[in-house]
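First the structure, in the form of structure tokens, and then the observations on it.
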Amino acid sequence: MDYRVYIANKLSSEHVTSGDIALPPNTEMGDYALPCFKLAKILRKSPVQIAEDFKNSFETDDVISEVSAVNGYLNFKINKSGFTQSVLKTVLKEVDRYGSADDGAGKTVLIDYSSVNIAKPFHIGHLSTTVIGSALYKIFKFLGYNVVGINHLGDYGTQFGKLISAYKRWGNREEVEKGGIHAVNELYVRFNEEADDDMQAEAREYFCHIENGEKEACELFEWFKSLTLAYVNKIYDRLNVHFDSYAGERFYTDKMQPVIDELKEKNLLKQSEGAQIVDLEDYGMPPCLILRSDGASLYATRDLAAAMYRKNTYDFYKCLYVVAYQQNLHFKQFFKVLELMGKPWAKDLVHVAYGMVSLEDGAMSTRKGKVVWLEDVIKRCVEKAYTIISEKNAELENKEQIAETVGIGAVIFGALYNNKIKDITFSYDKVLSFEGETSVYVQYTCARANSVLSKSGDNYVLPENFIPDATEYEVVKAIASFGQTVRDAAEKYEPSLIARYAVDLAQKFNKFYIECKILTAEGAARDFRLCLTKAAHIALKNSLSLLGIGVPEKM
Ligand code: ARG
């Protein structure tokens, strides 16, 4: 039960949604408030009058004990014990479904994320798209949407001709089989270092072979692709990342012509220096390139074909592209082209842009020699996690498994914690700190709660009519706001809201843990505090799980 939803329902105004109900900083006025300023324009009344009108027609009940109208705000006081009882009852009943909803029933959301490039390094630059996309996948699922995760593979382009040329010159099957993606990438890098004009011509030739379905070239290409996928899938498994489709750019090879025909038919295609473009000057953008002068298609051409295919196949409600802000223009351009083609659903395409990740030593670029493979970042975090938890608790069993959960959590949470559009610097020390705003801190809090619960003897029931003190009540309210946080995160495509929520709840729980006796308390207080501990554990665990992060029982 989420009380913002409860209040919004009670107000039953078409202009008020649960998202409009705010948590006032000063709880003396009320536990929740509705600022009426936004409504003034729509209702053509002053905010003060609107608040007054709402107040007069509002009937208080077990949960909302008092309503007041002050300076254009409608303030709600919650009946603490009724509220507390109802929140904890819901959490303890719903457990791992707590916070879920069926808002999305019947709606399909497509998420294009991670979208790796075949035979190229899977590097730190792919971290954000992978973990943000994966979190959105889990969040929308939790809200009842039908979700389709798509890895729009970068598997198209002349670089595959280069790779075949390099392999035929210097490669050997056994070595590549053994070295996997690293060996493949080395061949590619070497080609770029050593290729002269003849080799470039040869590479173009091989690319044509792939295009024409020539057997040897296609087999080699498929082999490079399977090596890359085998490699990235291991990392996806560790990061709890899932895809339903690996239809990449190549998949659209035979689906571009109909798009080009339609552009022609609609008079949108123009010749410019031999190339075919859609002019976007009226919209303040450079032209969108559709075909090069040699007739080759472009990234945007394939994205247009992909969008049309996706609409026809899935009839999506939204199609999200989790891609770095460097590609802002690309998305604006091809979304605009679809709009000009008269596709009303172009408005349902969303570029979920995020900032850059760099490491503390400045490394991040994919230029020669400076690539930081994501695998190495993970490895280092897990190793560091092992050292830290061993130092903290030498007796701990299953250290390796716990280090994996903690290390992976740190990688994900480190990339997710900030507003996604911000550029971030990834610091191993920071993401693994027990004291900071980290997943480790949240996981440790869970282990702490778990330890209390396991010592309790499981002999507690939720007491009726219990009135929590201020510290306990803060925890109750934080737990209660989980559902709305999940909704906000979905609406803003911002998983960081859930990460921040988890840290906030963990801080409030720890304050309670330090200030209030739990196991040694007596009677209803002991029962209540154990229930509160259990409920906090559930809300924390569910929030981390939406980010793809596990919770060890002990730490
Ligand atoms: N593979 C591309 C890159 O690494 C990202 C693809 C994103 N998805 C899309 N539909 N354009 O830049």
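The values are calculated or read from the model by the stated rules, or taken from the named source; none is laboratory data. Quantities reported herein were computed from a predicted structural model and do not represent experimental measurements. Please note: Cβ atoms are built from the backbone with ideal geometry, for glycine as well, and neighbour counts cover all protein chains shown.
With respect to Ser115, is the statement that it is within 16 Å of the ligand (Cβ to nearest atom) and within 30 Å of Asp244 (Cα to Cα) true? So Ser115 fits the description; yes. Quick one: in region 100-112, which of the residues that are more than 16 Å from the ligand (Cβ to nearest atom) and touching a Leu at 6+ places or on another chain (Cβ under 6 Å) is farthest from Phe482 (Cα to Cα)? Among them, the one singled out is Gly104. Kindly evaluate Asn267 against the criterion of being within 15 Å of the ligand (Cβ to nearest atom), surrounded by fewer than 15 Cβ atoms within 10 Å (Cβ to Cβ) and of a type outside the set (Gly, Ala, Ser). Against the criterion (within 15 Å of the ligand (Cβ to nearest atom), surrounded by fewer than 15 Cβ atoms within 10 Å (Cβ to Cβ) and of a type outside the set (Gly, Ala, Ser)), Asn267 does not qualify. Scanning region 91-115 for residues that are of a type in the set (A, V, I, L, M, F, W, C) and either under 30 Å from Val475 (Cβ atoms) or at pLDDT below 95 (or both) yields Val91, Leu92, Val95, Ala101. Quick check on Ser100: is it surrounded by 19 or more Cβ atoms within 10 Å (Cβ to Cβ), within 18 Å of the chain's Cα centre (by Cα) and outside any strand (DSSP E or B)? Here the answer is no, as Ser100 does not meet what is asked. The set of residues in region 16-45 that are surrounded by fewer than 18 Cβ atoms within 10 Å (Cβ to Cβ), part of a loop (DSSP other than H, G, I, E, B) and over 29 Å from the mean Cα position of the chain (by Cα) comprises Asn26, Thr27, Glu28, Met29, Arg44, Lys45. Pairing residues of region 292-312 that are among the aliphatic types (A, V, I, L, M) with residues that are within 11 Å of the ligand (Cβ to nearest atom), at Cβ distances under 6 Å and at least 6 apart in sequence or on separate chains, gives Ala300/Phe334; Leu304/Phe334; Ala305/Tyr252; Ala306/Tyr252. Note on region 282-304: residues that are more than 16 Å from Lys270 (Cα to Cα) and touching a His at 6+ places or on another chain (Cβ under 8 Å) total 2. Anything in region 143-160 that is crowded, with 24+ Cβ neighbours inside 10 Å and in a helix (DSSP H, G or I)? List them, or say none. Listed by number, the list holds a single entry, Phe160. Here region 152-174 is the region considered, the condition is being free of Cβ contacts under 8 Å to residues at least 60 places away in the same chain and touching a helix residue (DSSP H, G or I) at 6+ places or on another chain (Cβ under 6 Å), and the residue that is nearest to the ligand (Cβ to nearest atom) is Thr158.
Here are Gly133, Gly179: which of them is outside any loop (DSSP other than H, G, I, E, B), within 16 Å of the ligand (Cβ to nearest atom) and of a type in the set (Gly, Ala, Ser)? Walk me through it before giving the result.
Numbers: Gly179 fails: within 16 Å of the ligand (Cβ to nearest atom).
The unique qualifying residue is Gly133.
For region 236-260, give me each residue that is assigned to a helix (DSSP H, G or I), more than 15 Å from Gly149 (Cβ to Cβ) and out of contact with any Phe, Trp or Tyr (no Cβ under 6 Å at 6 or more places or on another chain). If you could, list the steps in order and put the result at the bottom.
Taking region 236-260 and keeping what is assigned to a helix (DSSP H, G or I), we get 236-238, 249-255, 257-260.
Okay, now just the ones that are also more than 15 Å from Gly149 (Cβ to Cβ), so 238, 249-255, 257-260.
Arg238, Phe251, Tyr252, Thr253, Asp254, Gln257, Pro258, Val259, Ile260, listed by residue number.
Would a scan of region 55-78 turn up a residue that is in contact with a Lys or Arg (Cβ under 9 Å, 6 or more places away or on another chain) and within 15 Å of the ligand (Cβ to nearest atom)? No.
Gln49 meets the conditions (1) at pLDDT 95 or above; (2) part of a loop (DSSP other than H, G, I, E, B); (3) farther than 19 Å from Phe482 by Cβ in every case but one. The failed one is (2). Does any residue of region 503-525 turn out to be acidic (Asp, Glu) and part of a helix (DSSP H, G or I)? Yes: region 503-525 contains one or more residues that are acidic (Asp, Glu) and part of a helix (DSSP H, G or I).
Conditions tested, residue by residue: (1) among the hydroxyl-bearing types (Ser, Thr, Tyr); (2) away from the ligand (no atom under 16 Å from the Cβ); (3) at pLDDT 95 or above.
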site	(1), (2), (3)
Cys319	no, no, yes
Phe334	no, no, yes
Val352	no, no, yes
Ala363	no, yes, no
Val371	no, no, no
Val382	no, yes, yes
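A single member of Thr471, Thr485, Thr533 is β-branched (Val, Ile, Thr), part of a helix (DSSP H, G or I) and over 29 Å from Leu143 (Cβ atoms), and it is Thr471. Taken over region 421-448, the criterion of being assigned to a helix (DSSP H, G or I) and closer than 25 Å to Ala535 by Cα is satisfied by Ser439, Val440, Tyr441, Val442, Gln443, Tyr444, Thr445, Cys446, Ala447, Arg448. Only one entry in Ala119, Ala105 is more than 28 Å from Trp345 (Cβ to Cβ) and not in a strand (DSSP E or B), namely Ala119. The set of residues in region 384-416 that are in contact (Cβ under 8 Å) with a residue 40 or more places away in the chain and aromatic (Phe, Trp, Tyr) contains only Phe413. Here Tyr460, Tyr441, Tyr386 are screened, and the one residue that is modelled with pLDDT under 95, in contact with an Asp or Glu (Cβ under 9 Å, 6 or more places away or on another chain) and farther than 21 Å from Val241 by Cβ is Tyr460. None of Lys93, Lys45, Lys80, Lys55 is of a type in the set (D, E, K, R) and farther than 25 Å from Tyr3 by Cα except Lys45.
In the set Asp348, Asp303, Asp315, which member is of a type in the set (Asp, Glu) and within 11 Å of the ligand (Cβ to nearest atom)?
Details: Asp348 fails: within 11 Å of the ligand (Cβ to nearest atom); Asp315 fails: within 11 Å of the ligand (Cβ to nearest atom).
Exactly one residue qualifies, and that residue is Asp303.
Of everything listed in (1) away from the ligand (no atom under 12 Å from the Cβ); (2) in contact (Cβ under 8 Å) with a residue 40 or more places away in the chain, the single unmet condition for Leu338 is (2).
Could you go through region 296-308 and let me know if any residue there is surrounded by fewer than 17 Cβ atoms within 10 Å (Cβ to Cβ) and either small (Gly, Ala, Ser) or more than 27 Å from Ile111 (Cβ to Cβ) (or both).
The first filter runs over region 296-308 and keeps only residues surrounded by fewer than 17 Cβ atoms within 10 Å (Cβ to Cβ), leaving 296, 299.
Okay, now just the ones that are also either small (Gly, Ala, Ser) or more than 27 Å from Ile111 (Cβ to Cβ) (or both), so 296.
Checked region 296-308: at least one residue is surrounded by fewer than 17 Cβ atoms within 10 Å (Cβ to Cβ) and either small (Gly, Ala, Ser) or more than 27 Å from Ile111 (Cβ to Cβ) (or both).
Among Ala135, Ala119, which is the only one that is of a type outside the set (D, E, K, R) and over 23 Å from the mean Cα position of the chain (by Cα)? Walk me through it before giving the result.
On the way: Ala135 fails: over 23 Å from the mean Cα position of the chain (by Cα).
The unique qualifying residue is Ala119.
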